[in-house]
Each structure stands twice: as structure tokens, then as C-alpha cells.
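Notes to accompany the following structure.
The values are calculated or read from the model by the stated rules, or taken from the named source; none is laboratory data. Keep in mind that what you see is a predicted model, and the values were worked out from it rather than measured. Heads up, the Cβs are rebuilt from the backbone with ideal geometry, glycines too, and the neighbour counts pull from every protein chain shown. Quick note on the areas: whole protein, heavy atoms, side chains included, nothing else; ligands and nucleic acids left out. Shrake-Rupley method; radii C 1.70, N 1.55, O 1.52, S 1.80 Å.
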Amino acid sequence: MSKRTVYMHGKPLSARGKKLEIGDQAPDFKLLDNNLQVKTLGDYGDAAKLISVVPSLDTGVCDRQTRRFNEEISKLKGATVITVSVDLPFAQKRWCGNAGLEEVITLSDHLDVSFGEAYGVLIEELRLLARAVFVLDKRNTVAYVQYLEEMTEHPDYQAALVALRVSL
């Protein structure tokens with residue numbers, strides 16, 4: 001298992017797992033939805049997918065990242081956005097309700113952080129997920145990936161959205 005350094009407010013931390021590249025087949029996952037139901041990659045069919053990975057929905061950058069991707073993707077047909085964190089499903093459901101975004105797909109990796117390891121975003125010291133964005137085409141091939149080094153920075157929204165449009 002490979003490791004890389006990420007930063008939170010400038011403090012170095014270790015992210016563990018295989019770093020995905022464009023052209024890789026996206027690993028399947030088993031994550032919990034807000035109703036404690038197990039969801040897999042296959043549950044989202046053959047739509048193009050944007051997987052937005054955040055450390056916690058209850059932080060400013062994560063909140064804005066989730067809102068932005070969901071607002072933009074609501075304008076596209078044939079695309080799905082999935083936000084993944086290790087927040088408990090109850091906290092994710094509360095966030096969705098408070099944000100007025102009941103239709104947003106939030107999935108939790110809190111049980112075994114297997115998504116974090118498979119996608120190369122598990123922060124060992126904090127048991128959180130490092131900020132990243134993955135765009136998958138209809139065959140779940142990675143069409144775009146961005147791993148952020150500093151967790152307090154925003155992803156490149158435009159680049160991710162362009163890659164998603166191309167993947168439709």
C-alpha cells in the first residue's frame with residue numbers, strides 16, 4: 001500500500017492507498033447511505049459519475065464543494081454526483097436536511113474505510129478521507145482525478161466539470 005503526504009492547515013499527514021490514474025477501472029465500494037443501506041458503485045448504473053471526496057461535510061470547504069458540484073450537475077442529464085466522507089450517515093442526513101439538499105447522494109466510509117484505501121485517500125492519523133475528485137465514465141473508467149495536497153483548498157471545479165461533460 002502506497003503512502004503520500006497531504007496537509008491539513010499546513011500540518012503534514014499520511015494518505016494511504018493506491019493512487020488512481022486516468023484510465024484505471026474504478027474500484028467497487030461498499031458504503032452506507034443516509035438510511036444505513038449498503039451502496040456499491042454498481043447501484044449508480046451506467047451514468048457518468050463525479051465522486052467528490054471530502055474530510056467532513058461540517059466544514060466550510062467541504063460544504064461549499066458539495067453544494068457546488070450538486071448545483072452544477074443538476075443541470076446535466078446522465079450524470080450523478082456522489083459525495084463520500086467518513087461522517088456518520090446520521091450526520092450526513094442532518095447536513096443534507098440543514099442544507100436543504102435532500103436529493104444529494106452522500107455515502108459514508110466510516111465502517112471500515114475500505115473506500116479510502118481503495119481510492120488512495122485515507123488519512124491515517126485522523127481516520128478521515130483526503131479531499132479528492134474522481135470523474136468516472138459510463139463504464140466506471142477514471143476519466144479525471146484530482147488529489148489535493150492541502151485539505152483546506154478547493155478542487156478545480158471547472159476541470160472536473162469539463163471532464164464530466166466529456167464523459168456523458
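Out of the residues in the range 1-54 meeting the condition of being among the aliphatic types (A, V, I, L, M) and open to solvent by 80 Å² or more (accessible area, probe 1.4 Å), tell me which one is nearest to Asp112 (Cα to Cα). So that I can check it myself, show each step before the final result.
Let us first name the residues in the range 1-54 that are among the aliphatic types (A, V, I, L, M), namely 1, 6, 8, 13, 15, 20, 22, 26, 31-32, 36, 38, 41, 47-48, 50-51, 53-54.
Still in the list and also open to solvent by 80 Å² or more (accessible area, probe 1.4 Å): 1, 22, 36, 38.
Values: Met1: 16, Ile22: 26, Leu36: 14, Val38: 13 Å.
The residue in question is Val38.
Of the set (1) free of Cβ contacts under 8 Å to residues at least 60 places away in the same chain; (2) over 16 Å from Leu128 (Cα atoms), all apply to Leu57 but (2). Report whether or not Thr80 is in contact with a strand residue (DSSP E or B) (Cβ under 8 Å, 6 or more places away or on another chain), closer than 24 Å to Lys19 by Cα and surrounded by fewer than 21 Cβ atoms within 10 Å (Cβ to Cβ). Answer is yes for this residue. Does at least one position in the range 96-105 carry a residue that is farther than 13 Å from Lys49 by Cα, at pLDDT below 95 and open to solvent by less than 10 Å² (accessible area, probe 1.4 Å)? Yes, the conditions are met somewhere in the range 96-105.
Could you count how many residues in the range 70-81 are farther than 12 Å from Thr106 by Cα, part of a helix (DSSP H, G or I) and touching a residue at least 12 places away in the same chain (Cβ under 8 Å)?
At the first step, the residues of the range 70-81 found to be farther than 12 Å from Thr106 by Cα are 71-79.
Adding the requirement that they be part of a helix (DSSP H, G or I) leaves 71-73.
When the remaining residues are screened for being touching a residue at least 12 places away in the same chain (Cβ under 8 Å), the result is 72-73.
Selection size over the range 70-81: 2.
Within the range 7-37, the residues that satisfy the criterion of being out of contact with any helix residue (DSSP H, G or I) (no Cβ under 8 Å at 6 or more places or on another chain) and farther than 25 Å from Leu164 by Cα are Tyr7, Met8, His9, Gly10, Lys11, Pro12, Leu13, Ser14, Ala15, Gln37.
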